[in-house]
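Scroll down for the structure; my scribbles are underneath it.
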């Protein structure tokens, strides 16, 4: 993995037993990628937030083009943000912004430890 703006450090990477079928190894590897993507979304919110989901996707896509974050679909980015909110790493600021379609949207921010 090359050094990027959002390098990820795993204290305890997902594991599987060596006696398990190859599908277990694949499942563990997919969790590793999910963790990497979740961390990337959190880092974008830390550096550029507070952001609406719409703005988060735009900034994330720009950073994907430069190779600073792993690629994700817009729905994947929103899902990772939702997971982070459920885990208490991201929160609603209580403020709203307007989307490009004129709708009101939550401004999300990273909760610092």
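Applying the criterion of being free of Cβ contacts under 8 Å to residues at least 24 places away in the same chain and buried (at least 17 other Cβ atoms within 10 Å of the Cβ) to the residues of region 52-88, the residue that is farthest from residue 38 (Cα to Cα) is 59. Would you check which residues across region 89-113 are under 14 Å from the mean Cα position of the chain (by Cα) and either touching a residue at least 24 places away in the same chain (Cβ under 8 Å) or within 16 Å of residue 35 (Cβ to Cβ) (or both) and list them? Once the filter is applied, which keeps residues that are under 14 Å from the mean Cα position of the chain (by Cα) and either touching a residue at least 24 places away in the same chain (Cβ under 8 Å) or within 16 Å of residue 35 (Cβ to Cβ) (or both), region 89-113 yields 89, 90, 108, 109, 110.
Looking across region 57-102, the residues that are over 12 Å from residue 41 (Cα atoms), part of a strand (DSSP E or B) and touching a helix residue (DSSP H, G or I) at 6+ places or on another chain (Cβ under 9 Å) come down to 91, 92, 97.
If you filter region 103-113 down to residues that are exposed (fewer than 12 other Cβ atoms within 10 Å of the Cβ) and at pLDDT 95 or above, you find that the one that is farthest from residue 46 (Cα to Cα) is 103.
The values are calculated or read from the model by the stated rules, or taken from the named source; none is laboratory data. Keep in mind that this is a model prediction, so the values were computed, not measured. As a convention, Cβ positions derive from the backbone with ideal geometry for all residues, glycine included, and neighbour counts pool all protein chains shown.
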